[in-house]
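Report on the structure given below.
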Amino acid sequence: MKQLGACPSCDAPTSLISLRCEHCGAFVRDRVPALNLFSTLWGVLVSPDATLLRIARSEQKNYTHVLFALLGPGILAATLFTSHAADIGWHFAKMLLFIYAGGPVFSLLLFPLLALMLCKFVLRSVYAHMRYRDVAAMLAYALSPLACASVAVLPLLLGVFGEVLFSMQAPAWKYKPLPFFLLAGVITVAISWSLYLLLRMFRPYGLDMRGHIFVAACIIAVLAVSLAIAVAIVDMFT
């Protein structure tokens, strides 16, 4: 199930991802040997469909696991925020160590496993057979707005609020409401844009909208369960 275009030489239908026409062997597009991280991240923001197609066409699928690693600190910070870690005895230094030392390791375990599950089970159920490297790359770049928020917004939250961010005794939104709601708004935009990309990330491969919704729902469910398990583990060891 792939989106089809027309070969400029013989007008035969050919995949938008293919480099050569399957009928006459002519080149139907330019090669994309590798991805430039910053231009690709910018493209995900301003022209998502064209950028997702370029990612699908790229030969190297580079930076996939870098983006996975960058997601981890944000996820573990959300875990500590949800479990009110400061109120159950966590010191701020311990929280920083947990977020920045454990975060990349956690996400490098979670997201490759999630991509593998999508590749082996979920996508096959909607008759889309894809390689792990393709699924992982599309997932990483679809979640890249959250990775950027983890890199840019999380340090600001930690710097402005410190331990207060993880406490309900003096909630951050009452301590400094304007900075909190401004930064929370940026995170909300990042979550919304990642959700939009999740609903479109396999479009270059011809997956229909029902398939997109099903796959996106599976990813969101896995992430929600992972967050719930992480919160339970934090509570267990305090």
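The values are calculated or read from the model by the stated rules, or taken from the named source; none is laboratory data. As the structure is a prediction and not an experimental result, all values here were calculated from the model. In this analysis, Cβ positions are derived from the backbone assuming ideal geometry, glycine residues included, and neighbour counts consider all displayed protein chains.
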| remark: Filter the stretch 190-222 for residues that are of a type in the set (A, V, I, L, M) and without any contact (Cβ under 8 Å) to a residue 40 or more places away in the chain; the one that is farthest from Cys148 (Cα to Cα) is Met209
| query | Hey, any hits in the stretch 36-54 for a residue that's at pLDDT below 95, acidic (Asp, Glu), surrounded by fewer than 19 Cβ atoms within 10 Å (Cβ to Cβ) and under 16 Å from Leu198 (Cβ atoms)? | reply | yes
| said: I'm trying to understand the selection: among the residues of the stretch 164-178, which are surrounded by fewer than 16 Cβ atoms within 10 Å (Cβ to Cβ) and part of a helix (DSSP H, G or I)? | reply: Trp173, Lys174, Tyr175, Pro177, Leu178
| Any residue at all in the stretch 187-199 that is closer than 29 Å to Gly89 by Cα, surrounded by 15 or more Cβ atoms within 10 Å (Cβ to Cβ) and not acidic (Asp, Glu)? | yes
